[in-house]
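As structure tokens, the structure follows; a few thoughts come after it.
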Amino acid sequence: MITIDRKLMDELSARAAESPRRRSHFNLHKSLEEDIHRLLMAAQRDSYFRPHRHDGAGKSELMLCLRGSASLLVFRPDGEVAARYELVPGGGTVGYELEEGTFHCMVINTPDTVMIEIKHGPYIPTPEADFGAWAPPESSPEAAEFLDWLREASPGDHAARR
């Protein structure tokens with residue numbers, strides 16, 4: 001049995017603080033080949049999640065915020081912000097389930113935010129075609145500036161016209 005407790009979330013948050021990507025994962029599933037993936041993800045405020053989609057049969061995504069707070073941004077394919085949701089444990093919105101093919105990203109609002117994610121496996125790295133062409137790659141010099149824009153972006157704002 002695995003318990004999801006404060007100690008585990010603290011350990012994940014500490015690892016995220018030391019990680020170059022400023023996030024860490026703890027897989028609850030045993031293998032990357034499993035049909036259903038369940039994982040905890042801790043992230044720090046400066047972790048940049050490049051807008052992407054899961055474009056495959058049955059590749060929906062369920063995410064629940066366990067600690068801290070995050071914003072989910074949903075985009076139209078051209079980079080326009082379609083919706084923004086604030087995720088807070090015990091708040092009005094605590095999580096989401098997205099259909100496959102929906103461009104989205106997370107913006108972490110508080111240090112040591114922890115989420116639980118459930119999605120279909122097996123694990124396949126996101127192909128370049130499934131990232132928003134209007135969003136800079138994680139390792140690019142523009143990523144930090146784009147993250148600043150994401151923090152303030154509202155429905156109707158457009159990534160390509162920022």
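The values are calculated or read from the model by the stated rules, or taken from the named source; none is laboratory data. Values in this document were obtained by computation on a predicted structure and should not be read as measured data. Here the Cβ positions follow ideal geometry from the backbone for every residue, glycine too, while neighbour counts run over all protein chains shown.
Observations
- Taking the criterion of being of a type in the set (Phe, Trp, Tyr) and crowded, with 18+ Cβ neighbours inside 10 Å, the only residue of region 53-95 that qualifies is 75.
- Subset of region 30-46 [under 16 Å from residue 115 (Cβ atoms) and either at pLDDT below 95 or part of a strand (DSSP E or B) (or both)]: 37, 38, 39, 40, 41, 42, 43
- Of residues in region 94-147 being charged (D, E, K, R) and assigned to a loop (DSSP other than H, G, I, E, B), the one nearest to residue 20 (Cα to Cα): 138
- Residue 73 vs. criteria out of contact with any Phe, Trp or Tyr (no Cβ under 6 Å at 6 or more places or on another chain), without any contact (Cβ under 8 Å) to a residue 60 or more places away in the chain and not in a loop (DSSP other than H, G, I, E, B): no
- Number of the exception - residue 139 against (1) of a type outside the set (Lys, Arg); (2) modelled with pLDDT under 95; (3) surrounded by 17 or more Cβ atoms within 10 Å (Cβ to Cβ): (3)
- Test for residue 117: is it under 21 Å from residue 27 (Cβ atoms) and among the charged types (D, E, K, R): yes
- Some residue of region 28-45 being touching a strand residue (DSSP E or B) at 6+ places or on another chain (Cβ under 6 Å) and hydroxyl-bearing (Ser, Thr, Tyr): no
- Of everything listed in (1) closer than 18 Å to residue 88 by Cβ; (2) at pLDDT below 95, the single unmet condition for residue 49 is (2).
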